[in-house]
Amino acid sequence: MPGFFLFAILAACSDKPAPEEPAPEVPASPGIAAQMRVAGELENDDINEASGIAHSRRAPDLLWTHNDSGARARLYAIDSTGRQVGRIRLEDADNVDWEDLAASGSGAGAILVAADIGDNDARRRALTLYVVEEPDLAIDDKPELSPARRIIFRYPEGPRDAEALAIDGELALILTKRELPPVLYAVDIAAGADEIVEARRLGPVETLPPPSRRDFEMAPRSNDWHWQPTAMDIAPDRSAIVVLTYAAVYYYRHTPGENWYETLARPPLAYPLGNLRDAEAVAFGADGRSIFVTVEGRNAPLYRIDLLEAPDQ
């Protein structure tokens, strides 16, 4: 594919369930050059509905992914072209509705966090984050592991649906899907397994472009929910955070000293995904200058976006 540009999105979201008509114009200005290409496809037929992806903290060319709701509790390792490398079979874990995957740490201290946070009908009273010690696949490429920790949490205002998770050390960030604007929560993943943690509400993320009233009204018939967040990730060097929606990747440059909610309050650079549909998973590459995106479906394509120049501070 030819090169594309990222754009700075300057519009704010409405705080009403359905935005007023007409939708505000979304002014844009050229951002940083980037190039998108198909890096490969997910060759393992067992990966038929990838809903999360994370970059390994133990190997530079390794990614992890998992299937959506109701699948077996498995984490699948692939290389940067989608070729199967290994898998983890998680014992004492259930995939009720796994929606995202994140990585943190490094070397022997690396962890993966599988987010059982999907709740389409907003009925689940408690949700689970499974913290897994990332194995060394050179020793065993098909380990059977129990989670190192299970973080059971709830939202202070009651159930809600979410698909986007990012991890920064012992802090999990979760962005809701069906609220307008989406709301960011924080969960401490160092909590003990015997307690139910209450997520902290950090606030609405108003920098993602909202739908028009027509978009909102037509969505149940067209099945086009392009504004909804489906995944999130923090760069390994903490230089940025990205939010994936069905329509675009939104890139937020992180300034040292600010918290992640402050980062998400500033206008992002947006990378439109064009005709790509069902984008469900996003992850930074090892260098923080590449971004991987994949979609649901067996043998799904694995897309790679390479930033061609350094983003401005």
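The values are calculated or read from the model by the stated rules, or taken from the named source; none is laboratory data. This is a predicted model, so every value here is computed, not measured. Reconstructed Cβ throughout: ideal geometry from the backbone, glycine too, with neighbour counts over all protein chains shown.
Going through the stretch 31-89 one residue at a time, which ones are β-branched (V, I, T) and either in a loop (DSSP other than H, G, I, E, B) or crowded, with 20+ Cβ neighbours inside 10 Å (or both)?
I47, I53, T65, I78, T81, I88 - these are the residues of the stretch 31-89 that are β-branched (V, I, T) and either in a loop (DSSP other than H, G, I, E, B) or crowded, with 20+ Cβ neighbours inside 10 Å (or both).
Among strands (runs of 3 or more DSSP E) lying entirely in the stretch 232-313, which contain 1 or more residues that are more than 26 Å from G107 (Cα to Cα) and touching a Pro at 6+ places or on another chain (Cβ under 8 Å)?
Strands (runs of 3 or more DSSP E) meeting the threshold: 240-245, 248-253, 269-272, 290-295.
What pairs can you find where one residue is in the stretch 211-230 and surrounded by 13 or more Cβ atoms within 10 Å (Cβ to Cβ), the other is hydrophobic (A, V, I, L, M, F, W, C) and part of a helix (DSSP H, G or I), and their Cβ atoms are less than 6 Å apart, with a gap of 6+ or different chains?
From residues that are surrounded by 13 or more Cβ atoms within 10 Å (Cβ to Cβ), the pairs are W225/A219.
Test L244 against the stated conditions and say whether it is out of contact with any helix residue (DSSP H, G or I) (no Cβ under 7 Å at 6 or more places or on another chain) and at pLDDT below 95.
no
Answer yes or no as to whether Y246 is of a type outside the set (K, R), surrounded by fewer than 18 Cβ atoms within 10 Å (Cβ to Cβ), within 17 Å of the chain's Cα centre (by Cα) and closer than 17 Å to A162 by Cα.
no
Taking the conditions exactly as written (among the hydroxyl-bearing types (S, T, Y), in contact with a Ser or Thr (Cβ under 9 Å, 6 or more places away or on another chain) and touching a residue at least 12 places away in the same chain (Cβ under 8 Å)), does Y185 satisfy them or not?
yes
Has the stretch 189-197 got any residue that is under 30 Å from P60 (Cβ atoms), among the aliphatic types (A, V, I, L, M), free of Cβ contacts under 8 Å to residues at least 12 places away in the same chain and surrounded by fewer than 22 Cβ atoms within 10 Å (Cβ to Cβ)?
Scanning the stretch 189-197, I find no residue that is under 30 Å from P60 (Cβ atoms), among the aliphatic types (A, V, I, L, M), free of Cβ contacts under 8 Å to residues at least 12 places away in the same chain and surrounded by fewer than 22 Cβ atoms within 10 Å (Cβ to Cβ), so the answer is no.
Mind listing whichever residues of the stretch 156-170 are under 15 Å from the mean Cα position of the chain (by Cα) and in contact (Cβ under 8 Å) with a residue 60 or more places away in the chain?
If the condition is that a residue be under 15 Å from the mean Cα position of the chain (by Cα) and in contact (Cβ under 8 Å) with a residue 60 or more places away in the chain, then A162, E163, A164, L165, A166, I167, D168 are the ones that fit.
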